[in-house]
Amino acid sequence: MAEKNNLNETTKDIKREDKKKEGRKRKTLSEQVKELREELQNKEQMLNELKEKYLRVLADYDNFRKRMEKEVEEIREYGGEHVLKQILPILDDLERALNSDDEGTNFRKGIELIYKKFVKILKDLGVEQIESLGREFDPYLHHALMVKESKDHPDNTVIEEFEKGYKFKNRVLRHAKVIVSKQ
């Protein structure tokens, strides 16, 4: 019987140990679950942050792409503006040659032909002369060199033009240099 009691005691001890182990396992499992939940929350937070960064980068790229498309379009549209600005003095020189005293000569006729072709080419390219004389002074189109008192003209009217102004596709290529009236 003593052996039987020992066996019962040993069995009881084993059962107690098993219960203790299960309790420890349960605690460790609950702790593991808690740790896994925390880790999952951290990973979800990191994922959300990465998604936000990705969306910002994507939006920045889209804005950059649109800006570049606009710049490329402007270059296509107004790319010749620099060259045209450099050509305008030649047009001025041709006009001065036409205003010289050599009327009726073959040289003058040649200059007139060159001038007409030149003006036509500029017009075909989208260059237009800014009409100034008799118009109201517009600082976006005109550059006032002087203001003259005049009783013959309304106040703030262009009464004289020193240098013609030109527009290129609705952009001012060169401002007209003018004298403006004052009463």
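The values are calculated or read from the model by the stated rules, or taken from the named source; none is laboratory data. None of these values were measured; they are calculated from a predicted model. Cβ atoms come from the backbone with ideal geometry, glycine included; neighbour counts cover every protein chain shown.
What the table below lists for this structure:
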quantity	calculated
Matching residues in segment 161-171 - criterion: being touching a residue at least 12 places away in the same chain (Cβ under 8 Å) and exposed (fewer than 15 other Cβ atoms within 10 Å of the Cβ)	Phe162, Lys169, Arg171
Some residue of segment 122-141 being assigned by TED's automatic domain parsing to the domain that holds Val172, surrounded by 10 or more Cβ atoms within 10 Å (Cβ to Cβ), modelled with pLDDT under 90 and of a type in the set (S, T, N, Q)	no
